[in-house]
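The values are calculated or read from the model by the stated rules, or taken from the named source; none is laboratory data. For clarity, every value in this text was computed on a predicted model and none was experimentally measured. Cβ sites come from the backbone with ideal geometry, for glycine too, and all protein chains shown count toward neighbours.
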Amino acid sequence: MRLFTIGPVQMSTDIVTKFRGGEQVPYFRTPEFSQLMLETDHLMKRLVHTAESSRTIYLTASGTAAMEATVMNCFTPSDRLLVINGGTFGQRFVDICNIHHIPYDVIRLPYGETLGEQHLLSFADRDYTALLVNIDETSTGQLYDIDLLHKFCQAHDMYLVVDAISSFLCDPYDMDRFGIDVTISSTQKGACVEPGMAMVVLSNRMVQERVLRQSVRSLYFDFKLYLDNFQRGQTPFTPAVGICQELHASLQCIDEIGLEKHLAHIATVAHDFRTKVQALPVSLPGFPLSNAITPILFDEPIAYRVFEVLKDCYEIMVNPTGGPLHDKSLRIAHIGETDCQNNDMLIEKMQQAIADVKAGR
Ligand SMILES: *Cc1c(COP(=O)(O)O)cnc(C)c1O
């Protein structure tokens with residue numbers, strides 16, 4: 001099976017061979033493992049473009065846990081948050097605020113609309129503590145304008161919390177330049193390794209002004225324990241040790257290639273796919289897209305059937321789309337071990353799958 005999915009992704013053969021090829025998972029309360037984690041952290045901060053004074057929380061959990069833990073550790077019911085909700089992942093922040101009784105307002109972005117200044121303006125005269133955004137709303141593929149959001153937060157003295165799970169290491173991202181206070185990421189998307197770990201990078205001001213002063217009604221998700229333990233490169237509880245090794249290897253590899261070059265490759269593959277896919281009876285949305293994933297819209301309601309045929313007959317996995325676009329849209333990822341030749345193969349198989357579905361095969 002070949003994966004053109006956003007997470008898990010088609011992992012590099014090197015990493016699969018090295019870490020999934022029969023090696024034991026090492027014991028981790030050792031100086032050697034601490035060293036590996038500290039190196040990982042150094043790379044994380046370099047790749048996310050933040051100062052060494054920022055701090056990272058390494059959670060053994062999926063990305064959603066990191067979103068929830070961020071809200072629990074940074075905000076209280078005396079705050080008021082502004083949430084951009086342009087799809088499934090924006091809605092997830094809304095659900096989290098509800099569960100934790102954090103007051104909020106929502107900027108609801110209807111499908112197909114590009115987020116612009118006009119959406120923010122009607123919320124400009126209310127007092128908010130922070131803006132929560134999924135910078136690539138993976139369910140639609142829209143990449144929001146970070147500069148616009150940064151300027152809004154700066155003008156209104158708000159913290160900026162960015163779920164960059166499907167954008168970090170796929171699109172250009174600069175935490176400090178855009179005044180970002182929290183970057184949420186996870187292992188199975190841009191870092192292209194197994195699912196299981198989430199990394200939350202906190203600005204120094206978020207640590208000092210919020211996290212260290214917060215009393216969190218949770219043991220496992222209390223960031224203070226993680227901050228304290230990480231002084232020596234450790235986590236308070238057993239991490240997914242094997243995935244920590246994979247993450248270290250992956251970040252090291254990206255750093256060696258060079259981040260710019262790494263991003264340029266993904267951009268090239270995405271652009272190549274977007275050009276070639278026009279040979280099929282599909283269209284692309286008009287809003288700005290992340291390099292990570294291309295949503296395609298079918299002229300006829302056959303998207304889910306095409307997904308099934310690709311999976312069952314051609315050993316190809318793409319992302320189906322949930323909700324109202326279930327039969328209209330598929331999403332194709334461009335991250336992990338993939339290139340323009342894989343696009344040729346994919347387009348050819350998609351053409352066949354569409355023909356199969358239309359012929360009722
Ligand atoms: C994948 C993803 C998540 C997290 O999903 P999990 O299944 O919990 O790992 C969160 N936000 C965005 C934007 C994502 O793409």
(message) Can you tell me which condition Glu117 does not meet? The list is (1) closer than 20 Å to Tyr220 by Cβ; (2) away from the ligand (no atom under 15 Å from the Cβ); (3) of a type in the set (Asp, Glu), and all the others hold.
(response) (1)
(request) Please determine, by comparing only the residues of the stretch 97-110 that are more than 16 Å from the ligand (Cβ to nearest atom) and assigned to a loop (DSSP other than H, G, I, E, B), which one is modelled with the lowest pLDDT. (result) Pro110
(request) Kindly indicate whether any position in the stretch 3-16 is of a type in the set (A, V, I, L, M), closer than 30 Å to Asn319 by Cα and in contact with an Asp or Glu (Cβ under 7 Å, 6 or more places away or on another chain). (result) yes
(request) Would you confirm whether any residue within the stretch 260-270 is hydroxyl-bearing (Ser, Thr, Tyr) and under 24 Å from Phe19 (Cβ atoms)? (result) no
(message) Being touching a Leu at 6+ places or on another chain (Cβ under 9 Å), within 16 Å of the ligand (Cβ to nearest atom) and not aromatic (Phe, Trp, Tyr) is the filter here; which residues of the stretch 195-238 pass it?
(response) Met197, Ala198, Met199, Val200
(message) Given the condition under 20 Å from the mean Cα position of the chain (by Cα), of a type in the set (Ser, Thr, Tyr) and buried (at least 22 other Cβ atoms within 10 Å of the Cβ), answer yes or no: does some residue in the stretch 80-95 qualify?
(response) no
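If I go through the stretch 148-169 residue by residue, how many of them are closer than 16 Å to Gln118 by Cα and within 16 Å of the ligand (Cβ to nearest atom)?
From the stretch 148-169, those closer than 16 Å to Gln118 by Cα are 148-153, 155-156; that's our starting set.
Within this subset, residues satisfying the condition of being within 16 Å of the ligand (Cβ to nearest atom) are 149.
Number of matching residues: 1.
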(message) Exactly one condition in (1) β-branched (Val, Ile, Thr); (2) under 26 Å from Ala240 (Cβ atoms); (3) more than 16 Å from the ligand (Cβ to nearest atom) is false for Thr129; which is it?
(response) (2)
